[in-house]
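I have placed the structure first, in the form of structure tokens, so that the comments after it can refer back to it.
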Amino acid sequence: MTTEWNEVLERLLSLQQLDSKISRLEADLQRAPGDLKSREAAVAAVDAKIKTLADRTKVLRAQILLRENELKSHTAKISKLKTQASEVRTNKEFVAFRSEIANSQGDVDRLEGEVLKILEVVEQADKKVAELEGERAHELEMVEKAKAEIHERLADQRAELEGLRKERPTRLEGVPKETLELYQRAHKARGGRAMSALEGAYCSACGEMQTRNDVYAVQNRTRHVLCKACNRLLYQP
Ligand SMILES: [Zn+2]
């Protein structure tokens, strides 16, 4: 009985080793698309920033256009007033025209000042957009690079996983059916880790203290022992 369990345990440990590799690969394979998603999200974030700025400059450009139209009508008015002023007869009429011209000129100055200020803001926004375009191009490049890397890695990992899965049945040979059932149950419940090393009197996976009899049995490899808390098969490393 002693040698028999000892032999089974060796097989189980080798099976556990294989299953750990399989679990790790499966986790990696699941994580891969997540990496890519976060890279793609970075591109989308830059896109959103660019759009906000572009929307804002669109409004500002419309405001400039409005003022330019207003400027045109004021300029036309001034030139008309100047023509009329040159034809007046009395000084009183001339003063009236001059005052009207001065008013219009004031509007022109104000509008020109406003246009300049808005233009400044638009220029700054355009500069920022150009910066963001550069950032976006960089992020896109990273996405493409990540894609290529991930595809290559995935292909390697899938091939490795396939090999390990093919190998698994050979590691089940010589393990009694009942023991295998215990193993598989813990394997399924504990995310691929069906066995746990004993540390002193404690299960290293969950920290549960084991009875003195069980500790003795694990240390001497006399029979299989399940952790009372997590149901993993215990072994003495
Ligand atoms: Zn445990």
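Points worth noting:
- Selection of first residues in region 224-237 that are over 22 Å from Glu4 (Cβ atoms) and acidic (Asp, Glu) and of second residues that are near the ligand (Cβ under 7 Å from one of its atoms) and modelled with pLDDT of 95 or more, restricted to Cβ pairs under 8 Å at least 6 apart or on distinct chains, gives an empty result.
- The set of residues from region 225-237 being within 14 Å of the ligand (Cβ to nearest atom) and assigned to a loop (DSSP other than H, G, I, E, B) comprises Val225, Cys227, Lys228, Ala229, Cys230, Asn231, Arg232.
- Some residue of region 122-134 being over 30 Å from Ala44 (Cβ atoms), away from the ligand (no atom under 16 Å from the Cβ) and touching a Leu at 6+ places or on another chain (Cβ under 8 Å): no
- Restricting region 185-222 to residues that are assigned to a loop (DSSP other than H, G, I, E, B) and loosely packed, with under 13 Cβ neighbours inside 10 Å, the residue that is nearest to the ligand (Cβ to nearest atom) is Gly207.
- Just one of the numbered conditions (1) over 40 Å from the mean Cα position of the chain (by Cα); (2) away from the ligand (no atom under 16 Å from the Cβ); (3) within 22 Å of Ile22 (Cα to Cα); (4) modelled with pLDDT of 95 or more is not true of Lys166: (1).
- Residue in region 58-68 that is under 30 Å from Arg171 (Cα atoms) and either without any contact (Cβ under 8 Å) to a residue 12 or more places away in the chain or within 41 Å of the chain's Cα centre (by Cα) (or both) present: no
The values are calculated or read from the model by the stated rules, or taken from the named source; none is laboratory data. Keep in mind it's a predicted model, so treat the numbers as computed, not measured. Here the Cβ is made from the backbone with ideal geometry for all residues, glycine too, and neighbour counts use every protein chain on show.
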